[in-house]
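Working notes for the structure below.
The values are calculated or read from the model by the stated rules, or taken from the named source; none is laboratory data. Quick caveat: nothing in here was measured; it's all calculated off a predicted structure. Glycine gets a Cβ as well: all are built from the backbone with ideal geometry, and neighbour counts include every protein chain shown.
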Amino acid sequence: MDILVTGADGQLGHWMRNVSSRSGDRYVFTDVRRSADGKVDMLDITDAQAVSDAVGSLRPGVIVNCAAYTDVDKAEDEPEKADLLNRMAVGNLAAAARDSGAVLIHVSTDYVFGKGSCNVPLREDSAGTPACVYGHTKLLGEEAVKASGCRYVIMRTSWLYSEYGRNFLKTMLSLTASEPEVKVVFDQVGTPTYAADLAGAVHAMIESREYEGKYGIYHYSDEGVCSWFDFAVTIARYAGHSACRIVPCRSSEFPSKAVRPSYSVLDKGRFKAAFGMDVPYWTDSLARCMRNMGCMD
Ligand SMILES: NC(=O)c1ccc[n+]([C@@H]2O[C@H](COP(=O)([O-])OP(=O)(O)OC[C@H]3O[C@@H](n4cnc5c(N)ncnc54)[C@H](OP(=O)(O)O)[C@@H]3O)[C@@H](O)[C@H]2O)c1
């Protein structure tokens, strides 16, 4: 079977490339620009004709969409750009999947939740309550997939990090190495997810073909719960950055353009019941990532 991966130069896309390297399926990796090493072809998913042509000629069994507009604060200033990529372009992929008979595995976010406060892990059927442009456009992207009539699996995930691209882990590694003190919010609670773990779960789903007949929305994050403050403290401890004092603060002391959820822990019960996969605990995965990066013994 052929598998088309979009956004293959991002965090998750990179890990899709790593985990599928020994697959018997043929993976075709694409991103908005061709990579220098030629391993990633160009496919701009906002270009409906290009998407239709690519899917029409490849006839993939599965399309994995890892592409997104992911700059949460910048999206507040560029809502049209976020909408184009997170809603319109997702509609292009879903239409192409429907027309060609491919299954679309689309990745979404815990930020489809966020208005109001709660302290119960969020289920797939909990109503979307996005509090920022990014979350709103991602929710509309999910709705475009559902409305298209294609067979789909939507994987909502949270707090993605990896050795690739820009993310909280890398920011904290840099700040805690150079600053005497760093303030981090303790009133936003969720679960960090190593992109390797999510890519591994998606890849296992494709290898086993277990997605067949199990279409719908699933929640996938690593196991456990923490605040961004806890995440930062653990990063600094693992890196041995003991000279930096990490101070918990409230979101109100740390104004950002986008309003983020105060609690966005995802309930993974449906995913575990459907696919029977073990989910790693977040600190174990963080240690694995930091060892891969060479910043932990
Ligand atoms: N990052 C998180 O904390 C987080 C949390 C929850 C859910 N998610 C979701 O998880 C998924 C993967 O996130 P990620 O962190 O791996 O994202 P990422 O690192 O930002 O990667 C997205 C990739 O898509 C590419 N892209 C941009 N415009 C495109 C276009 N028009 N056509 C094709 N590709 C395009 C980007 O290229 P450029 O870099 O050149 O723009 C980038 O390589 C996304 O759906 C995201 O919403 C992420």
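If you take the residues of the range 94-111 that are more than 10 Å from the ligand (Cβ to nearest atom) and among the hydrophobic types (A, V, I, L, M, F, W, C), which of them is nearest to the chain's Cα centre (by Cα)? Reasoning before the result, please.
Filtering the range 94-111 for residues more than 10 Å from the ligand (Cβ to nearest atom) gives 94-105.
If we keep only those that are among the hydrophobic types (A, V, I, L, M, F, W, C) too, we end up with 94-97, 102-105.
Numbers: Ala94: 18, Ala95: 22, Ala96: 22, Ala97: 20, Ala102: 21, Val103: 18, Leu104: 15, Ile105: 12 Å.
Among residues in the range 94-111 that are more than 10 Å from the ligand (Cβ to nearest atom) and among the hydrophobic types (A, V, I, L, M, F, W, C), the one nearest to the chain's Cα centre (by Cα) is Ile105.
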Checklist entry - Identify, please: which residue in the range 189-216 is part of a loop (DSSP other than H, G, I, E, B) and of a type outside the set (Ser, Thr, Tyr) and is, among those, surrounded by the fewest Cβ atoms within 10 Å (Cβ to Cβ)? => result Gly213
Next on the checklist: For the range 29-88, which positions are without any contact (Cβ under 8 Å) to a residue 12 or more places away in the chain and closer than 19 Å to Glu143 by Cα?
Outcome noted: Glu80
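Here are some residues: Phe186, Phe168. Which one is more than 22 Å from Glu142 (Cβ to Cβ), surrounded by fewer than 20 Cβ atoms within 10 Å (Cβ to Cβ), in contact (Cβ under 8 Å) with a residue 12 or more places away in the chain and touching a Pro at 6+ places or on another chain (Cβ under 6 Å)?
Working: Phe168 fails: touching a Pro at 6+ places or on another chain (Cβ under 6 Å).
That would be Phe186, the only listed residue that is more than 22 Å from Glu142 (Cβ to Cβ), surrounded by fewer than 20 Cβ atoms within 10 Å (Cβ to Cβ), in contact (Cβ under 8 Å) with a residue 12 or more places away in the chain and touching a Pro at 6+ places or on another chain (Cβ under 6 Å).
When the range 110-155 is examined, which residues are found to be of a type in the set (A, V, I, L, M, F, W, C), assigned to a helix (DSSP H, G or I) and touching a Phe, Trp or Tyr at 6+ places or on another chain (Cβ under 7 Å)?
Our first condition is that a residue be of a type in the set (A, V, I, L, M, F, W, C); within the range 110-155, this holds for 112-113, 118, 120, 122, 127, 131-133, 139-140, 144-145, 147, 150, 153-155.
Filter again for assigned to a helix (DSSP H, G or I), leaving 112, 133, 139-140, 144-145, 147.
Listed by number, the list holds a single entry, Val145.
The rows are residues; the columns are (1) within 15 Å of Ala196 (Cα to Cα); (2) at pLDDT 95 or above; (3) under 21 Å from the mean Cα position of the chain (by Cα).
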site	(1), (2), (3)
Met1	no, yes, no
Ala8	yes, yes, yes
Leu12	yes, yes, yes
Ser20	yes, yes, yes
Gly38	no, no, no
Next on the checklist: I'd like to check something: does the range 59-78 contain any residue that is near the ligand (Cβ under 10 Å from one of its atoms) and surrounded by fewer than 16 Cβ atoms within 10 Å (Cβ to Cβ)?
Outcome noted: yes
Checklist entry - Quick one: is Pro248 over 24 Å from Thr70 (Cβ atoms) and more than 20 Å from the chain's Cα centre (by Cα)? => result yes
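Going through the range 224-281 one residue at a time, which ones are among the aliphatic types (A, V, I, L, M) and outside any loop (DSSP other than H, G, I, E, B)?
Initial filter on the range 224-281 (among the aliphatic types (A, V, I, L, M)): 225, 232-233, 235-236, 239, 243, 246-247, 258-259, 265-266, 273-274, 277, 279.
The answer is Ala232, Val233, Ile235, Ala236, Ala239, Ile246, Val247, Leu266, Ala273, Ala274.
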Checklist entry - Among (1) surrounded by 15 or more Cβ atoms within 10 Å (Cβ to Cβ); (2) within 14 Å of the ligand (Cβ to nearest atom), which single condition is Tyr27 missing? => result (2)
Item to check | Selection from the range 237-292 of residues that are surrounded by 15 or more Cβ atoms within 10 Å (Cβ to Cβ), among the aromatic types (Phe, Trp, Tyr) and under 20 Å from Gln188 (Cβ atoms) | outcome: Tyr263, Trp282
